[in-house]
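J.: The following block contains the structure, expressed as structure tokens.
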Amino acid sequence: MWSDASSGSILFGGIDTDKYKGDLARIDIYKESGSDAFTAFIVAMTSLQAVSSTGTDSLTSTQFPIPAVLDSGTTLSYLPDDLAVQVWNEVGAVYSADIGVATVPCSMADSKGYFSFGLGGTGGPLINITMDELVLDLSSGQAPTFTSGRYKGQTACEFGIQNLTGGPYLLGDTFLRSAYVVYDLVNNQIAIAPTDFNSTTSNVVAFASSGAPIPSATAAPNQGEISNTASATSASSMSASSGFAGSSGTKSAASAPAALDWSKMAIMGAAMGFTILGSGLSLL
């Protein structure tokens, strides 16, 4: 199982314990705001950390806990403005007015830094998203290049975390590729653990019955303590930012608008569209 695999599988009625690392943690799905129905796989995102060789930064948002939709029909992940800007500062992403997205040098895919997403409160599951999952091609042909600023002359890629001024906030493919997710539509819960990309074996465990708990999954311990009160935003120490440098020594925390050379390029669709419920969800 590899993140760039051209094929995959969907398992109904069970889990495969050889396809994830550690233990499955079970968290609740929430009803859509103002509705009495479960219309999407909405979970509580409760923390985000930037981790690199130079340190760990805890990023903050006035929107925590963030209602985030697990959406396999969305290529990118979309976070509140205040949180997305902190993420961009960590990696040195620059916003391109030409295409309406944050961009980074393609060399950043080699960075050893990663972002750790926390779900379901303190002690809940943590999913680490590495930079190679977050640096995406902008073109099916010759890549554009930065024409000015600190990245001048380097090839430009789309960054896999973008911003939204309002919900729904989405954890799309850039998040889900690194997560093994079990969807329980009877009990309105999911179980989640880090994907084991190197797995070569399989061990399928079936649900005991319809409505039975997700096999091998333990409930996140502090879901009941999740507050509906937004947290205050404080400045990150940015100690981790310098450790996000790519193989070319690219430094982080760029802030100037990105000027790109689009000549001789076939655009793939940088500002990718999204839907609340995408096709191809894995239902278990």
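Results for (1) surrounded by fewer than 23 Cβ atoms within 10 Å (Cβ to Cβ); (2) under 23 Å from ALA25 (Cα atoms); (3) touching a Phe, Trp or Tyr at 6+ places or on another chain (Cβ under 8 Å), shown as yes or no for each residue.
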{"site": "SER72", "(1), (2), (3)": "yes, yes, no"}
{"site": "ASP81", "(1), (2), (3)": "yes, no, no"}
{"site": "VAL91", "(1), (2), (3)": "no, no, yes"}
{"site": "SER107", "(1), (2), (3)": "yes, no, no"}
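J.: Among the residues that make up segment 172-185, is at least one of them of a type in the set (Val, Ile, Thr) and more than 22 Å from SER241 (Cα to Cα)?
T.: yes
J.: Taking the options LEU76, LEU48, name whichever one is of a type outside the set (D, E, K, R), over 22 Å from GLN154 (Cβ atoms) and crowded, with 22+ Cβ neighbours inside 10 Å.
T.: Every option except LEU48 fails the conditions.
J.: Report, by residue number, each residue of segment 9-46 that is of a type in the set (Val, Ile, Thr), in a loop (DSSP other than H, G, I, E, B) and either free of Cβ contacts under 8 Å to residues at least 24 places away in the same chain or farther than 24 Å from SER61 by Cα (or both).
T.: ILE10, THR17, THR39, listed by residue number.
J.: Evaluate the following for ALA212: is it modelled with pLDDT under 85 and part of a loop (DSSP other than H, G, I, E, B)?
T.: Against the criterion (modelled with pLDDT under 85 and part of a loop (DSSP other than H, G, I, E, B)), ALA212 does not qualify.
J.: What strands (runs of 3 or more DSSP E) lie completely within segment 77-144 and have 2 or more residues being more than 24 Å from ASP261 (Cα to Cα) and under 16 Å from the mean Cα position of the chain (by Cα)?
T.: 77-80, 114-119, 126-130
The values are calculated or read from the model by the stated rules, or taken from the named source; none is laboratory data. The shown structure was predicted, so the numbers you read here are calculated from the model rather than taken from an experiment. Ideal geometry is used to build each Cβ from the backbone, glycine not excepted, and the neighbour counts take in all protein chains shown.
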